[in-house]
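Here, each number is a calculation from the coordinates, and none is a lab measurement. Since this is a predicted model, take the numbers as computed values, not measurements. Glycine also receives a Cβ, built like all others from the backbone with ideal geometry; neighbour counts cover every protein chain displayed.
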Amino acid sequence: MNKPKVGVFGFTGCGGCQLEILNLEDQLLDLLSAVEIVHFTEAVTEHSDTYEIALVEGSVTTKHGVERIKKIGDIAKIIIAIGACAVSGGLNCLKNLYGLEKAKELVYGDKKEWIDSIEVKPVDEYVKVDYYARGCPPNRFEIVDIIRSLIVGRKPEIPNYPVCIECKRNGNTCVYEFGITCLGPISRAGCNSRCPNSVSGCGACRGVIDDPNVNAQKDLLKEYGLTVEDILQEFNLYNACKGKTIEQKNK
Amino acid sequence: MANNLNIEESPVSRLEGHGDLILDVKNKKIKKLIFRIPESPRFFEAMLVGRKYDEPSHISSRICGICSVAHTCASIKATEKALDIKPSKQTINLRKLIYHHENIQSNVLHVYFLAAPDFFGVGSVVPLAETHPEVVNIALRTKKMANDMVRIIGGRAVHPVRTVVGGFTKLPTKEEMIKMKEMLKSCYPDLEKSLEVLKTLDIPDFKRETEYISISDTSDYALYDGKIKSTDGWEIDDQNYLDKINEKVVQYSTAKHCWASRDAFMVGALARFNNNHDKLTDNAKKYAEELGLKAPCYNTFMNNIAQFVEIVQSVDDSIRLIDEILEEGLDEDKAMAEIKPKAGRGAGVVEAPRGLLIHDYTYNDKGRVEKANLIIPTGMNYANIEKDMHALVPAIIDKSEDEIKLACEMLIRAYDPCISCSTHFLNVKLVNK
């Protein structure tokens, strides 16, 4: 693929994934010379409907959003979902958990009918997603690696091993030792275990690996006198939409 | 020349969110003017209900990637107030330090990436990199410095990990503190170069006096903590924000509209400058003077200049904070305060880069959120943006449609409306009737 046309699109989210692209400082100008940006909500005025690669940030949460994502699906040859909101629905799914109508009522009161808001869904509920740059926020270098791989025609390497591997490699003391719960044993690596590096538990913002060793996580919880329920709320922070709780995964 | 004009701009790009501008002019009179934010609503006030006291700061950080430190800090302050948690002086100094660098990062992004292309007559930062590479390189270096500071103190640049209720999960090392001081010192030459570039910009001549609201403190140029102050002459304790700040739902927008003493007010860098200019460092004052920024300033377009002056202020004050922290010595025992869940209510009020930001939580006795109220800066500026438009459009109505369109876009962009916390970008469609 020679200097592909790229569109960066924002749906419902915090804009932090687009910001992580801008935060590439050292590589930003190189990236801009390797691709042609034809649409970038957060940074560029010009926009065009001709592009091969679409980077999509955010979840689909409105009727208008459904139309937009379908149009992108019709145009783009390759769709890359960037960030937890696009990949799994992310934190936005807490709205579903609370209840859509109840949430509308709470925030907008008797004016709730004015508001266009539907059940939160990840991007791949509406269009085929080719690559996932997971995480909240995503790893900006992984986004670059996916684009670079597409240009040179190789398969991007997305880790399918748990965060514990990176955490051990970084020489961290297990946060359970400090009384902190952590989803590292089942969560997908690729973040360089950034939360445990900062003495904080992993919240599985990159989702669960394909074949998680659920029993290892359970044994660990047992060792520290905890139950699955104790960590479920934390897991739901970024994964409430997929509904793949540890228990369900196990069945 | 436009006697009749119909602008439907949806969305205005280079806002960190999405906004629509609808402008209908007939016989040089404005018939209809609406700036609306149709961004999909997020429902954070619902998402927070039922969450344990250590979670809201991580959840509400996700309101805005660009000002995630501000939301994190507002949230932490609200929880600490409600649960009567007393963070150490060291914690507060470190929070002020990380806070400066989100403000720098955000202001650099806005001044150079989002607003500057207008002044250089190009569509975005992409062509700007070709026409003015030095300007873009200065911006990238300064932004990287600020992001690296947030990474060192917070654990990552967007959605910091280490800043939590009670303090920090991990402290920077002494070596890192010294390194940060060196990083700060090394950015002064770029600030000087920026000053020379900014002096050449042709800032539109525009004046509309309004009410300017920000927090204000006796000791420093307040970003993290202070009372709420207005140029209309009132000052209140931050816990009593509801005494002055009002909010309502409007039909055409998912962001709520706010008002205080009058029908509209402005928040953000210009409001902070107007209220707190005397607390700037001498160096930052010098930059303001050289750029023709004098308080009180009623030109909204000067908000960009005030943002740049704040970058200088934040660099200066960061060096002071690092010296103070190093002098007292980093102490692990002061990293986390004691936390006991209890019922209570507290408001956390800070200055996000775009202005006053309020989080207000009520906790039950199990330390779980019962009620949350969030008031965001873009919602506060909303009504004022419309008032500014009403003042600007008649003054430029004889210009070409493209010029009118650009001027309107630039005015909205001057506010740096971070619309992801509520909102998208403007798309201008001009139809002459």
TODO: Please work out the C-alpha center-to-center distance from region B:118-140 to region B:271-308 and express it in whole Å.
DONE: 24
- [ ] Taking the Cα atoms of region A:5-152, report the difference between the largest and smallest coordinate on each principal axis, in whole Å and largest first.
- [x] 52, 27, 27
TODO: Classify chain A as rounded, prolate or oblate from the Cα gyration tensor: take a ≥ b ≥ c as the square roots of its eigenvalues, call it rounded if a/c is under 1.5, otherwise prolate when a/b beats b/c and oblate if not.
DONE: oblate
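Taking every eigenvalue of the Cα gyration tensor of region A:123-185, multiplying by 5 and rooting it, what semi-axes result, largest first, whole Å? Don't skip to the end; give the middle numbers.
Details: eigenvalues 174, 48, 17 Å².
Largest first, region A:123-185 gives 29, 16, 9 Å.
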- [ ] Measure up B:229/B:256; A:95/B:405; B:81/B:248; B:143/B:334; B:207/B:279 against 28 Å on the Cα-Cα distance and list the ones that go over.
- [x] A:95/B:405; B:143/B:334
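Loop-only check: which chymotrypsin sites (Phe, Trp or Tyr not before Pro) in region B:239-325 are DSSP coil with at most 16 other Cβ within 10 angstrom? Present the calculation step by step, with values, prior to reporting the outcome.
Details: sites: B:241, B:252, B:259, B:265, B:273, B:287, B:298, B:301, B:308; in loops: B:252, B:298.
Answer in residue order: B:252, B:298.
Which semi-axis lengths, in whole Å and largest first, follow from the square roots of five times the eigenvalues of the Cα gyration tensor of the protein assembly as shown? Spell out each step's value before the answer.
Details: eigenvalues 261, 174, 132 Å².
Taking √(5λ) for each Cα gyration eigenvalue gives 36, 30, 26 Å.
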Task: Structure-based [θ]222 nm, chain A - -39500 (n - 2.57) summed over DSSP H runs of at least 4, per residue, nearest 500 - done: -10500 deg cm²/dmol
Open item on the list: Taking 30 Å as R0, compute the FRET efficiency from the Cβ-Cβ separation of residue A:173 and residue B:370 and round it to 0.05.
Closed with: 0.25
Open item on the list: Which of B:182, A:57 has the fewest other C-beta atoms within 10 Å, and how do the rest follow up to the most?
Closed with: B:182, A:57
Task: chain B: calculated mean residue ellipticity at 222 nm from DSSP helix runs of at least 4, using -39500 (n - 2.57) - done: -13000 deg cm²/dmol
- [ ] Find how many whole Å separate the alpha carbon centroid of region A:112-151 from the alpha carbon centroid of region B:164-206.
- [x] 32
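Which value, in nm² and rounded to one decimal, describes the direction-averaged projected area of the C-alpha convex hull of region B:212-357?
Values: hull surface 46.7 nm².
Averaged projected area of region B:212-357's Cα convex hull equals 11.7 nm².
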Open item on the list: Once each part is reduced to its C-alpha centroid, what is the distance from region B:34-89 to region B:321-363 in angstrom?
Closed with: 13
Task: Most mobile of B:344, B:123, B:355 in a GNM of chain B (Cα contacts under 10 Å) - done: B:123
Task: Candidates A:180, A:78, A:21, ranked by Gaussian network fluctuation over chain A, Cα under 10 Å, top entry - done: A:180
- [ ] Assign one of three labels to chain B, namely rounded, prolate or oblate, based on the Cα gyration tensor with a ≥ b ≥ c the square roots of its eigenvalues; rounded applies when a/c is under 1.5, prolate when it is not and a/b is larger than b/c, and oblate otherwise.
- [x] oblate
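Only counting other Cβ atoms within 10 Å, I'd like A:56, A:144 sorted with the fewest neighbours first.
Details: A:56 31, A:144 19.
With the sparsest Cβ surroundings first, the list reads A:144, A:56.
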Open item on the list: Which of B:258, B:297 has the fewest other C-beta atoms within 10 Å, and how do the rest follow up to the most?
Closed with: B:297, B:258
- [ ] Please state the charge dipole magnitude for region B:263-416, taken about the Cα centre, from unit charges on C-beta atoms (+1 on K and R, -1 on D and E), reported in debye and rounded to the nearest 20.
- [x] 640
Task: Cα gyration tensor shape of region B:170-230, rounded if a/c is under 1.5, else prolate or oblate by comparing a/b with b/c - done: oblate
